[in-house]
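The values are calculated or read from the model by the stated rules, or taken from the named source; none is laboratory data. These numbers come from a predicted model, not from an experiment. No Cβ is skipped: glycine too gets one built from the backbone with ideal geometry, and neighbour counts run over all protein chains shown. SASA here: full protein model, heavy atoms, side chains in, ligands and nucleic acids out. Shrake-Rupley method; radii C 1.70, N 1.55, O 1.52, S 1.80 Å.
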Amino acid sequence: MLKLIDGKALSAKLRSGIKEEVAEIKAKGITPGLAVILVGDDPASQVYVRNKEKACIEAGMHSEVYRLPEETTEEELLARIDKLNKDDNIHGILVQLPVPKHIDEDKVIDAISVEKDVDGFSPANVGALLIGKEAFEPCTPRGCIELIKTTGVEITGKKAVVIGRSNIVGKPIAIMLLRENATVTICHSRTKDLKKEVRDADIVVAAIGKAGFITADMIKPGAVVIDVGINRMENGKLTGDVDQNALKEMDFDCYLTPVPGGVGPMTITMLMRNTLVSAKRKLK
Ligand code: NAD
């Protein structure tokens, strides 16, 4: 039987804990503050930014959102980041990606102070993660680990297969699974026999961006499947990289995160957690 991992419920539970901690730190004089910058009017990015803003406000955090026009220059964006780096009311800065083509994404990520890089994308944070030092862990990958843990399935010693090798999802998830003592394989568009690799996996993380790409016959009975993909169908609905309907028909047990309601809410929750952690450092 297919067991859905409820990312919404896990998020709600974690967010209520975060809200309590926010109240505690506020009583000590610090309000955790997150600044989000959105350049341009990509509809999906607008939704993500709105959801992040809403979640922060609900948790009692201070939220600042800068919606900048598409034609914003790189210099203007970097100047805005510089201001926020110096702003004591802001503990986390996030630039919603992708940025328009005329802006160098690497420069933007580099400009965010490492102490406020709550998205965990800066080379310093990624490097720290890689060598096992304290770092802001990227939110989507961290959310995936929490979702796996909520099943009660032990990660240590398991074979984990990550499909996708992007800097923001695939690679950091692979590093985190390694840190959790899984035996990790990273698959990508040039992998020779993807089906064989995935079929062997106890833990599957699909971060591809292709609707229904991971079919039920690729899944090993008992596997934990984390579907990171967000794909918009012609009817406007969102769907993941895993063919959930086909998996439902299989006569074996496995876990799956639904889309929507799986990884998505956890990404925002982990962003809130990182912002809280950053604010708490100011107490010390
Ligand atoms: P990306 O386009 O940067 O990377 C996609 C990866 O898929 C690449 O590494 C590529 O090698 C791999 N790939 C492509 N075709 C393949 C094939 N035929 N076989 C095997 N591998 C193949 O995308 P991304 O930024 O890593 O995002 C991946 C998906 O996750 C997207 O759908 C994105 O919308 C979603 N996403 C969701 C969240 C969330 O919060 N839920 C956050 C970030 C990204």
Within the range 230-243, can one find any residue that is under 30 Å from residue 90 (Cα atoms) and not charged (D, E, K, R)? yes
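Given the options 64, 58, 75, name the one that is free of Cβ contacts under 8 Å to residues at least 60 places away in the same chain, open to solvent by 50 Å² or more (accessible area, probe 1.4 Å) and within 29 Å of residue 232 (Cβ to Cβ). It would help to see each step written out before you state the result.
On the way: 64 fails: open to solvent by 50 Å² or more (accessible area, probe 1.4 Å); 75 fails: within 29 Å of residue 232 (Cβ to Cβ).
From the options 64, 58, 75, the qualifying one is 58.
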Can you tell me which condition residue 200 does not meet? The list is (1) under 19 Å from residue 47 (Cβ atoms); (2) of a type in the set (Asp, Glu); (3) in contact (Cβ under 8 Å) with a residue 24 or more places away in the chain, and all the others hold. (1)
Scan the range 229-245 and tell me whether some residue there is in the same structural domain as residue 143 (by TED's automatic domain parsing), hydrophobic (A, V, I, L, M, F, W, C), open to solvent by 80 Å² or more (accessible area, probe 1.4 Å) and under 21 Å from the mean Cα position of the chain (by Cα). yes
Can you give me the number of residues within the range 108-124 that are open to solvent by 60 Å² or more (accessible area, probe 1.4 Å) and in contact (Cβ under 8 Å) with a residue 24 or more places away in the chain? 1
Might you let me know whether the range 210-222 holds any residue that is touching a residue at least 60 places away in the same chain (Cβ under 8 Å) and farther than 30 Å from residue 117 by Cα? no
When the range 125-153 is examined, which residues are found to be among the hydrophobic types (A, V, I, L, M, F, W, C), surrounded by fewer than 17 Cβ atoms within 10 Å (Cβ to Cβ) and not in a loop (DSSP other than H, G, I, E, B)? 130
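Return yes or no: is residue 251 at pLDDT 95 or above, away from the ligand (no atom under 15 Å from the Cβ), open to solvent by 30 Å² or more (accessible area, probe 1.4 Å) and among the acidic types (Asp, Glu)?
Details: at pLDDT 95 or above: no; away from the ligand (no atom under 15 Å from the Cβ): yes; open to solvent by 30 Å² or more (accessible area, probe 1.4 Å): yes; among the acidic types (Asp, Glu): yes.
Against the criterion (at pLDDT 95 or above, away from the ligand (no atom under 15 Å from the Cβ), open to solvent by 30 Å² or more (accessible area, probe 1.4 Å) and among the acidic types (Asp, Glu)), residue 251 does not qualify.
Given the options 83, 28, 52, name the one that is farther than 28 Å from residue 231 by Cα and in contact (Cβ under 8 Å) with a residue 24 or more places away in the chain. Working first, answer last.
On the way: 83 fails: in contact (Cβ under 8 Å) with a residue 24 or more places away in the chain; 52 fails: farther than 28 Å from residue 231 by Cα.
Unique residue meeting the criteria: 28.
Select from the range 154-167 the residues that are under 30 Å from residue 111 (Cα atoms) and either touching a Phe, Trp or Tyr at 6+ places or on another chain (Cβ under 8 Å) or not in a loop (DSSP other than H, G, I, E, B) (or both) and list them in ascending order.
So in the range 154-167, the residues under 30 Å from residue 111 (Cα atoms) come out as 162-167.
If the condition is that a residue be under 30 Å from residue 111 (Cα atoms) and either touching a Phe, Trp or Tyr at 6+ places or on another chain (Cβ under 8 Å) or not in a loop (DSSP other than H, G, I, E, B) (or both), then 162, 163, 167 are the ones that fit.
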Single unsatisfied condition, residue 161 versus (1) within 14 Å of the ligand (Cβ to nearest atom); (2) without any contact (Cβ under 8 Å) to a residue 40 or more places away in the chain; (3) touching an Asp or Glu at 6+ places or on another chain (Cβ under 6 Å): (2)
